[in-house]
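Below is one structure, written out as structure tokens, with a few remarks after it.
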Amino acid sequence: MLVGVFWLAVWQLAALAVGQRLLLPAPAEVGGRFAELVVEPSFWSTVARSLVRIAAGFVVGTLLGTLLAVAAGCWRTVRTLVSPVVGAVRAAPVVSFIVLVLVWVDTGRLAVVVSALMVLPVTYAAVLEGIGQRDRAMLEVAAVFRVPRIRRLRAVDVPAVLPFFAAACRVGVGLAWKSGVAAEVIGLPAGTVGARLYDAKLLLVTADVVVWTAVVVALSLAAERLVGAALRRLPSSHPDHPEVAP
Amino acid sequence: MIAVRDLHVELGGRTVLDDLDLDLPDDGVVAVMGPNGSGKTTLGRALLGLVPPTAGTVEGADERCAAVFQEDRLCEHLDAVANVRLVLRRDVPACRVAAELRALGLPADALHRPVRELSGGQRRRVAIARALLAEATLVVLDEPFTGIDADGRATVLAWVAAACRGRSVLLITHDVADAVRLGARIVDLTPVLEGAAL
């Protein structure tokens, strides 16, 4: 709370020092603009449209990344074929993908595809790492006792991989929002947060740029919390959570 | 009968077992003893198919196996009953498993707690129950009584002795008294020193 007040004060002082609304609007102006925007019906439909598309991208990227990692964990050939491609996707700048994907799909699906492409490599790498880190001793137990595959999955494999999957999800949610909104800013699909951000910048309404950025940050943090809460309910054989690099 | 013939195992370029011959009867306990590094655990792992022989054969060990490993090797997030049921047929009821664990000296309040919360001796009892309640004709017990205190040892030994009946059991131990209580035939794996003079 005190930290928030401190930074609001810093912001206010900086705005006074700069003295130009265009360069740095004061907190009160941004707050006032937020109050105006939030009562417009279009605000909520805009947020909902971006939220649904980016969430869809996150889910698709997570599912595909997990499935590919499981396949790569089971078959060396799949791993040899897939790993370099996923590594390249991970290393490529997000704008390159946005421009490329714009050639393939319409702007309405752009955020879904771009978010998915950003999340996929993170999930793939984390789940594959989790598969590699399974407890060899427990796999031996399963082999000696001839534990059925489904039971082994539930008791040994999934609990070992889950902490890695969970860490990837936490990182992936933030990535999905960042890349999804970036895709909207470039692709300008109608009635999305990214398009509103672009319009605000074009019309030099800096207060709106700040408001929409704050909305994206708030939604991203809320999504991270939601995913985190859901993942805490899952069973795990590792009490600590591994780190996953974005 | 399980017949080990001329078993030779090398691990990391080092000979661990050298031309070992051993018979395990269909109903009986064979206890292997010897100092650390004499290949007791490797022999158990070879019987379980976890270590391929460099030379020699293990015949008759392709049936259903079970084991108490040197470490407990339990699913930490599962409770004691679930750990045992993991390796059993679906139709074995939880209440029967609970009753056997109680007979092994596990307190009632330990049955349904994640095994990561149990003491060393309690975890060992779960590992023993898992191995000996499984439908196995060959059971390898690698130092199964480690961590079980003197008070509970007699109870556990009696339970294990009863559960071993009708199976081939390889007991790996440093304690000759445990081997005797299980009525085991004792095999000494102490290596003969080359060039030793009397």
Hey, among B:Leu132, B:Leu118, B:Leu104, which residue is in contact with a helix residue (DSSP H, G or I) (Cβ under 9 Å, 6 or more places away or on another chain) and farther than 27 Å from B:Leu48 by Cα?
B:Leu118
Scan region A:218-240 and tell me whether some residue there is surrounded by fewer than 17 Cβ atoms within 10 Å (Cβ to Cβ), within 14 Å of chain B (Cβ to nearest Cβ) and in contact with a His (Cβ under 6 Å, 6 or more places away or on another chain).
yes
What number goes with the only condition from (1) of a type outside the set (D, E, K, R); (2) in a loop (DSSP other than H, G, I, E, B); (3) in contact (Cβ under 8 Å) with a residue 40 or more places away in the chain; (4) open to solvent by 40 Å² or more (accessible area, probe 1.4 Å) that B:Leu74 does not pass?
(4)
Residue check, B:Val180 against (1) open to solvent by 20 Å² or more (accessible area, probe 1.4 Å); (2) within 22 Å of B:Ala3 (Cα to Cα); (3) among the aliphatic types (A, V, I, L, M), all met but one. Which one?
(2)
Evaluation of A:Gly194 against (1) farther than 30 Å from A:Leu234 by Cα; (2) touching a Leu at 6+ places or on another chain (Cβ under 9 Å); (3) open to solvent by 20 Å² or more (accessible area, probe 1.4 Å) (one fails), failing number
(3)
Quick check on region B:69-79: of everything there that is acidic (Asp, Glu) and more than 14 Å from B:Ile128 (Cα to Cα), which residue is nearest to the other protein chains (Cβ to nearest Cβ)?
B:Glu76
Mind checking whether some residue in region B:69-83 is under 26 Å from B:Val176 (Cβ atoms) and either of a type in the set (Lys, Arg) or touching a Phe, Trp or Tyr at 6+ places or on another chain (Cβ under 9 Å) (or both)?
yes
What tally of residues in region B:153-162 results from selecting those that are open to solvent by 10 Å² or more (accessible area, probe 1.4 Å) and within 24 Å of B:Val92 (Cβ to Cβ)?
5
Does at least one position in region B:8-16 carry a residue that is among the β-branched types (Val, Ile, Thr), in a strand (DSSP E or B) and farther than 20 Å from B:Leu171 by Cα?
yes
Search region B:89-122 for residues being buried (at least 18 other Cβ atoms within 10 Å of the Cβ) and either of a type in the set (Asp, Glu) or within 14 Å of chain A (Cβ to nearest Cβ) (or both), and hand back the single one that is farthest from B:Ala66 (Cα to Cα).
B:Val115
Can you tell which of A:Ala207, A:Ala230, A:Ala223, A:Ala183 is among the hydrophobic types (A, V, I, L, M, F, W, C) and at pLDDT below 90?
A:Ala230
Looking at region A:156-181 only, could you name the residues that are open to solvent by 10 Å² or more (accessible area, probe 1.4 Å) and farther than 30 Å from A:Val193 by Cβ?
A:Val156, A:Asp157, A:Val158, A:Val161, A:Leu162, A:Phe164
Before we move on, is A:Val52 of a type in the set (Val, Ile, Thr), modelled with pLDDT under 95 and in a helix (DSSP H, G or I)?
no
Given B:Ala82, B:Ala129, B:Ala136, which one is at pLDDT 95 or above and either surrounded by fewer than 20 Cβ atoms within 10 Å (Cβ to Cβ) or within 12 Å of chain A (Cβ to nearest Cβ) (or both)?
B:Ala82
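The values are calculated or read from the model by the stated rules, or taken from the named source; none is laboratory data. No experiment lies behind these values; they were computed from the predicted model shown. A quick note on method: Cβ atoms are made from the backbone with ideal geometry, for glycine too, and the neighbour counts reach across all protein chains shown. Just so you know, the surface numbers come from the protein's heavy atoms only, side chains and all, with ligands and any DNA or RNA stripped out. Shrake-Rupley method; radii C 1.70, N 1.55, O 1.52, S 1.80 Å.
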